[in-house]
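Data block below; observations after.
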Amino acid sequence: MDFNLTEERGMLRDTLGRFLRDKYDHGLRRRLEASGQAYCPDVFEGLAELGVLGALFSEEHGGFGGSGFDLAVVFEELGRAGTLEPILPAVLAGGLIAEAGRTDLVEEIIAGTTVATLAHGEAGARYDQSHVTTSAKVDGDQIVLSGTKSHVLNGAQARLLVVSARESGAVMDEAGISLFLVPSDAIGVTITDHVNLDSTSAATVVLDSVRLDASVRIGSAGEGFELLEASIARGVTALCVEALGAMEAAKTLTLEYLKERRQFGVPIGSFQALQHRMADVLIEIEQARSAVINLAGNLHRPRLERERHVSAAKNMIGRVATLVVEECIQLHGGIAMTEEYALSHFARRLTMIDHLYGDVDHHLERFITLSAA
Amino acid sequence: MDFNLTEERGMLRDTLGRFLRDKYDHGLRRRLEASGQAYCPDVFEGLAELGVLGALFSEEHGGFGGSGFDLAVVFEELGRAGTLEPILPAVLAGGLIAEAGRTDLVEEIIAGTTVATLAHGEAGARYDQSHVTTSAKVDGDQIVLSGTKSHVLNGAQARLLVVSARESGAVMDEAGISLFLVPSDAIGVTITDHVNLDSTSAATVVLDSVRLDASVRIGSAGEGFELLEASIARGVTALCVEALGAMEAAKTLTLEYLKERRQFGVPIGSFQALQHRMADVLIEIEQARSAVINLAGNLHRPRLERERHVSAAKNMIGRVATLVVEECIQLHGGIAMTEEYALSHFARRLTMIDHLYGDVDHHLERFITLSAA
Amino acid sequence: MDLHYTEEEQAFRTKVREWLAENLPHALSEKIRLGKRLTKADYELWHRLLNERGWLAQNWPREYGGAEWNAVQRQIFEEESCLANAPHIVPFGPTMLGPVLLAFGSEEQKRHYLPRILNGEDWWCQGYSEPGAGSDLAAIKTTAMRDGDHYVVNGQKTWTTLGQHADWIFCLVRTDPGAKKQEGISFLLIDMKTPGITVRPITLIDGDAEVNEVFFDDVRVPVANRVGEENKGWTYAKYLLTHERTNITGVGFSTATLKALKSTAAQVQSGGRPLSQNPLFAARMAQVEIDLMAMTTTNLRVVSAASKGRAPGAESSMLKVKGSRIRQELTSLMRRAFGPDAMPFQNDYLEGGDNLDALGPENAASAAPTYFNMRKLSIFGGTNEVQRTIITKTMLGL
Amino acid sequence: MDLHYTEEEQAFRTKVREWLAENLPHALSEKIRLGKRLTKADYELWHRLLNERGWLAQNWPREYGGAEWNAVQRQIFEEESCLANAPHIVPFGPTMLGPVLLAFGSEEQKRHYLPRILNGEDWWCQGYSEPGAGSDLAAIKTTAMRDGDHYVVNGQKTWTTLGQHADWIFCLVRTDPGAKKQEGISFLLIDMKTPGITVRPITLIDGDAEVNEVFFDDVRVPVANRVGEENKGWTYAKYLLTHERTNITGVGFSTATLKALKSTAAQVQSGGRPLSQNPLFAARMAQVEIDLMAMTTTNLRVVSAASKGRAPGAESSMLKVKGSRIRQELTSLMRRAFGPDAMPFQNDYLEGGDNLDALGPENAASAAPTYFNMRKLSIFGGTNEVQRTIITKTMLGL
């Protein structure tokens, strides 16, 4: 047992942390939003240069990391800084692109010159990962894709989409789903951008008889679900760690506020009722950290074990995030409800993470099902 | 709308309250237990004289009350005093005996000369009210009862048992259940006593081919469930109000302790963290009170409305009771864990009430089902 | 003991319900249903309609154009309004300032200001909170120094709800800086057009700008605009706060939100069936419904006592804490119900009219913003922590 | 970063598991499984078996007959013991007093007392708490006045666990009544057979009498029985408290209880199916399992740091609060699982041997008593409130 980071990971964490503390703050996020930018290209480039994207991929795929703990190191710092740059899409889509053997594209992703994302969600799917109605029809040696994908993270900034579509089976079947590599400028692809409540950017992607060479299929026909689930497991790991970082940021802001803010002539942190509630917040954040460690450390395990930890961690993160958000706002008072105070960003991001890839209840039920299997 | 008691009920509450404050305390309960007595006959007689049992029955049945609010007045005071006398069994069995037209027996119950109880529970039934395996076989103009009844409240002190038994149908069917009036000294009846964790007395009743005249059947053959459910609704009302009284007692003890007990040189009630937790306890007790008022005020309504309030109140009482028990113990510290301190009785009674006629989860699910009906 | 409304009260409910059905404009109720934001014109329209019926100033006496309703009637109106998706009344004029003027204003002030509140000439806002004061409401730093027939006001107010629309602001100002905290405060009525006043909207976590900062820079206010005596303003402020707190339970809001939640959960599909049939979600909904059933009765108990003239004590603090928790839980469930569809931030849709299409279900856009907005319930009007302290001090006598 | 046990640690686990399988008497593990109470003889037997293997004094150095295990090894032993339904070690001698004597005792004291702890000659109990002290542990009123070669002890201790069996008690006594609270305290070893000592068992809410009051009435204790310096006892007490707190997480207990709970829920029928398939009960179980999975890792993080010599700070307070909550939740679920069968108070069954039949399922009798007993976890060893204060003071520095 060893709960220490390797030297390399420790160095990455330190340089990344320093870089973000220098470059990123709530003011930057607000400027980006005011100017309608989804993220800051300079920062994104800087992150790529630091090797943040490379850390997401194994050496085999051209990176220098790829394990759960590599994701952990990167995303805790990103979460703490509250970045908007498209790193999560690289986790969700990148592994699948690597799986397809397209090391050329992975290289571009690692270099930060190509943004790739996963186009999987659909209207009415809620958290059912096998809910796929977008159709993929074979026509000679071509594939024709038709359907609409929702909540595609950084869809409008992506040059490459990994699209899930159904080749056979009914709407909720796991079998029959395939994954396809689709350039965002392919004929028939229409991408409509929107901003999320947490300032991240997402898009609706309409595929209107998009005709591509059948070689864009990743893996075997109708057998994409397993790959997809594994990729989402990595995405959820990244999200959970990001949430942990955001919790740490919220905690730091709140502890500072409790010390600085005076009321009735004393710092509000001297009120015992607030102290004890803050203690519970701190305890639960440690629990969240442990759940995340468990997930990161089991990401390479066989499916059942891995997914049990995915659901355990996502459930824990969802619960603790709500506690952190609601308590940190309450312990602050009105100031925390203003958009110009940084906590509001972390509160929104932490809340929205529960809406991505399954919420507290979804993963609790899934944990029960997986445990019985 | 009027949330005040009628003058008569107000008087009953006041005299009953005064009587119990005079006669009942934790010392009496402990002496009863030490001497192996299930309850105090003197107090029981006194309660009957005050009209406590008469208040449980309508004028039609020889009493002078019988409504939900009559139960409420009586049981809040009983709960606050933490009495062990067999009044709840009179609610559970009494209404059914009245239903059977046996006003002679009801008179004895009201006078306190006869204890009657409901023998309905069975091993393995948990909270499923229609789980009845005890069989009733018609043999000419006789009925033969066979089976074992569990958790029969004051079974060993009762002279009359209302026994549920199955005349037809499968183990969980509502149809096919009948109710029978069985003297506890009938041949083939064996009653084995035990004490519950909350010092109440209960028994296991074995019916070994108990042969009785068929006239002991209450209502029509196989149609007893409806009567039973209505009677249990009254019993649950009594239990919920009793719990409310017990919560008030626990609250009073805790508020006193917070004021008197000093630590670090000040009363522990001056610690803000404890104050705020106590405030939450007080708020939830008010919620419990309202749920109980809703139930008492809807006890005479049609089945669906009545039972929705039964489940809402029992769920609320279960949740609040756990909060009250756990917080009042914690706010006290070690002293609350000693058997000689009165709080320990209220803690045990409040907890055991959740184990009677359905717990928090059982009634939440039942509320959902009833609401969908 | 009788849980049920009297025939008179039921008839009143029917009257309210029928009037709402006939008079509430569809465009307004649609905005409320979809959680869109109301414009100044929307509120003004609603106030005008209510005033035409005599229902705008519900707790004023009839002789001043009020409805003279008791607490039960006001409660019934609130429930019916919420269920009909009617806007709420902007409380600052009719509900808050009105009673203060009636109790403490001069005859001239009553004659001048009350009709203007009713006919919509004056939109009022509240100048109580100050930056840095928080729960310590009496920590007022805004000063009003006497200069002949005027006070010269300097300082800053904050969290001024809908102040961007206001013509007038009622303010707590410090007129005796030497006095103890709760003394030396006066209650001033200030025309927002007076030179030296600046209003700065604060964008909140939900993207809305419903509150403002108001800056006073040598603002000259006639002494005649003071309500009651100099340095006695805290008394009037406390009177107002009591009035403010009566409706904080939000039973009407919660009842309407629960209804909307159930209908949403029946529509949203999850795991191949309606979300309402998911055992965990159904349990969460049922739990809050059971809480609300009890809360409704707790509220009626207090309201019924109040309508008989008994003033609510620690009870109103209990109602505030529990009422805000239930409202927060309901809006949290609404957010959860929509799953990923609660993520898009559709500010234009929420601000706009009928011309914009929603991304996802039409009522999903407001779910998460409303959840965030409702966090305020446990903060303003005395934080839930302050309420807990009131509750225990009352019970413990420590 | 490596979540998994080293090969060495895994081999250690196997060794412990095999030894338990071979040596734990069935009669003992049955008592634990059914939640029955252990007799003095039961504990003595278990101590003897452990001592024969050299595993009784786990954190003592080998030269004194200890196992010299690090924190990870102790954690592994605890987990395996709980899963095997082994009794816990009565900690007062081997786990608590032992380390204090090793650190602060005289050579003579070590040579005399340590072997007697190991071979079971002396059963020790703890004289820390006093009536009225509660969380304020240093508020010690029991006095020890010097009289020649003796101290004369007067006062009262309480919550003395298993003191009814004890031969000796280690006590905090006040030797300088004039000194400040945490000064003037000494650490005395007192023979329970000394005239003037009275032990009164306290029956607890679960019907058990596991704790006692101990009264001292002019009890003469040789000065040689003092550990360390006079008036420095608080230092030794704090050292001991740190040792006491390391195992308070109860991961082993919780893991074993979760396993028993799952098996119970699979057996109990509810609504025509096993309770384990009831969505709400399954959700409660899964929720606490997820909490425990995280807690286990939190604990390992602290334990692993401790085994590398880093002293746990606020972490042990966090472990205590969360660990006690999980244990309490698990025993609460166990009680709930049995429904009405958790009601009968089967004191004789819990006290007795194999000859008595249980009413209802054999492991139902202990469910509610254990639930009540476990309320103590958030009270003793520093209440959870005290722990929360430690956590925030550490983080806030206020």
Taking a temperature of 4 °C and a viscosity of 1.567 mPa s, what whole-number D in µm²/s does Stokes-Einstein yield for the protein assembly as shown with Rh from Kirkwood over alpha carbon pairs? 36 µm²/s
Cα lying deepest toward the dipole's positive end in the protein assembly as shown, options A:Gly224, C:Ile205, C:Leu97, charges on Cβ: C:Leu97
Helix D:40-53 axis, angle to chain D major axis (alpha carbon atoms, nearest 10°): 90 degrees
Between the Cα axis of helix D:251-267 and the main Cα principal axis of chain D, the angle (0 to 90°, nearest 10) is 30 degrees
Here the relative contact order (percent) of chain A, from C-alpha pairs under 8 Å and at least 6 apart, is 16 percent
Magnitude of the Cβ-charge dipole (Lys and Arg +1, Asp and Glu -1) of segment D:249-394 about the Cα centre, nearest 20 debye, reported as 880 debye
Using only alpha carbon pairs under 8 Å that are at least six residues apart, calculate the relative contact order of segment C:7-89 and give it in whole percent. 38 percent
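Size of the dipole of chain B about the Cα centre, Lys and Arg at +1 and Asp and Glu at -1 on the beta carbon, nothing else charged, in debye to 20? Let's see the in-between values first.
Details: 33 positive and 52 negative charges, 177 e Å.
Charge dipole of chain B: 860 debye, to the nearest 20.
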Among B:Gly155, B:Thr114, B:Ala81, the residue whose Cα sits farthest towards the positive end of the charge dipole of chain B, when +1 is placed on the Cβ of each Lys and Arg and -1 on the Cβ of each Asp and Glu, is B:Ala81
Residue by residue through B:10-19, how many Cβ atoms from other chains fall within 10 Å of the Cβ on average? 0
Evaluate the relative contact order of segment A:226-372 (contact order divided by residue number), counting alpha-carbon pairs under 8 angstrom at least 6 apart; express in whole percent. 31 percent
Per-residue Cβ contact counts at 10 Å, fewest first, order B:Val189, B:Val132, C:Val321 as B:Val189, C:Val321, B:Val132
Explain nothing, just the number: dipole magnitude of the protein assembly as shown about its Cα centre with +1 on each Lys and Arg Cβ and -1 on each Asp and Glu Cβ, in debye rounded to the nearest 20. 2620 debye
Mind listing the phi-derived Karplus ³J(HN,Hα) values for segment D:138-147, rounded to whole Hz, using 6.51, -1.76 and 1.60 with θ = phi - 60°, and x for any glycine or proline? 7, 7, 8, 10, 4, 9, 10, 9, 5, 9
For segment A:7-114, how big is the tail of P(r) above 25 Å, as a whole percent of Cα pairs? 18 percent
Most exposed to least, judged by fewest other Cβ atoms within 10 Å, C:Lys259, D:Lys193, C:Lys320 sort to D:Lys193, C:Lys259, C:Lys320
Computed label-point distance, nm, for sites A:Glu45 and B:His26 using a 7 Å Cα→Cβ extension: 7.5 nm
Could you rank the peptides D:71-80, B:105-114 by their average count of other C-beta atoms within 10 Å per residue, with the highest value first? D:71-80, B:105-114
Output needed for chain C: three equivalent-ellipsoid semi-axes, defined as square roots of 5 times the C-alpha gyration tensor eigenvalues, in descending order, whole Å. 36, 24, 22
Here FRET efficiency (C-beta to C-beta, C:Asn347 to C:Ala305, R₀ 35 Å, nearest 0.05) is 0.20
Can you give me the span-like helices of chain A, meaning DSSP H runs with 27 Å or more of Cα extent along the axis and Kyte-Doolittle mean at or above -0.5? A:224-260, A:272-298, A:303-332
For chain C, set up a Gaussian network in which alpha carbons nearer than 10 Å are linked by springs, and say which option among C:His88, C:His112, C:His47 fluctuates the most. C:His112
Inside 10 Å of the C-beta atoms of B:356-364, what's the mean count of C-beta atoms belonging to other chains? 5
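Once you average over the residues of D:357-369, how many Cβ atoms of partner chains fall within 10 Å of each Cβ?
Mean shielding count: 2.
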Residue farthest toward the positive end of the dipole of segment C:184-295, with Cβ of Lys/Arg at +1 and Asp/Glu at -1: which of C:Val214, C:Ser263, C:Val227? C:Ser263
Partners for D:Lys193 among aspartates and glutamates (Cα-Cα distance below 20 Å; same-chain residues under 8 apart left out): D:Glu44, D:Glu121, D:Asp122, D:Asp147, D:Asp149, D:Asp167, D:Glu210, D:Glu213, D:Asp217, D:Asp218
Can you list residues from other chains, or at least 5 along the same chain, whose modelled amide H is less than 5 Å from the amide H of D:Leu204? B:Glu339, D:Ala209, D:Glu210
Environment charge of C:Arg301, counting only residues whose C-beta is closer than 9 Å and scoring Lys/Arg +1, Asp/Glu -1: -1
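Find, to one decimal place in angstroms, the Kirkwood hydrodynamic radius of segment C:249-394, where the mean of 1/r is taken over every pair of different Cα atoms and then inverted. Write down the numbers at each step before the final one.
Details: mean 1/r = 0.0597 Å⁻¹.
About 16.8 Å, per the Kirkwood formula over Cα pairs.
Considering lysine pairs in segment C:304-398 that are 8 or more places apart or on different chains, how many have Cα atoms under 21 Å apart?
For segment C:304-398, qualifying lysine pairs total 5.
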Whole-Hz ³J(HN,Hα) from phi, Karplus 6.51 cos²θ - 1.76 cosθ + 1.60, for segment D:191-207, glycine and proline x: 6, 5, 7, 4, x, x, 9, 10, 10, 10, x, 10, 7, 9, 4, 8, x
How much length, in nm to one decimal, is gained on full extension between A:Glu60 and A:Arg13, taken as 0.36 nm per residue of separation minus their Cα-Cα distance? 14.7 nm
Largest fluctuation, B:Gln129, B:Gln263, B:Gln37 only, Gaussian network model of chain B with Cα springs under 10 angstrom, belongs to B:Gln263
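Bear in mind these aren't lab numbers, they're just calculated from the coordinates by the rules spelled out. Note that the coordinates shown come from a computational prediction; the quantities given were computed from them, not determined experimentally. Note that we place each Cβ from the backbone using ideal geometry, even for glycine, and neighbour counts take in every protein chain shown.
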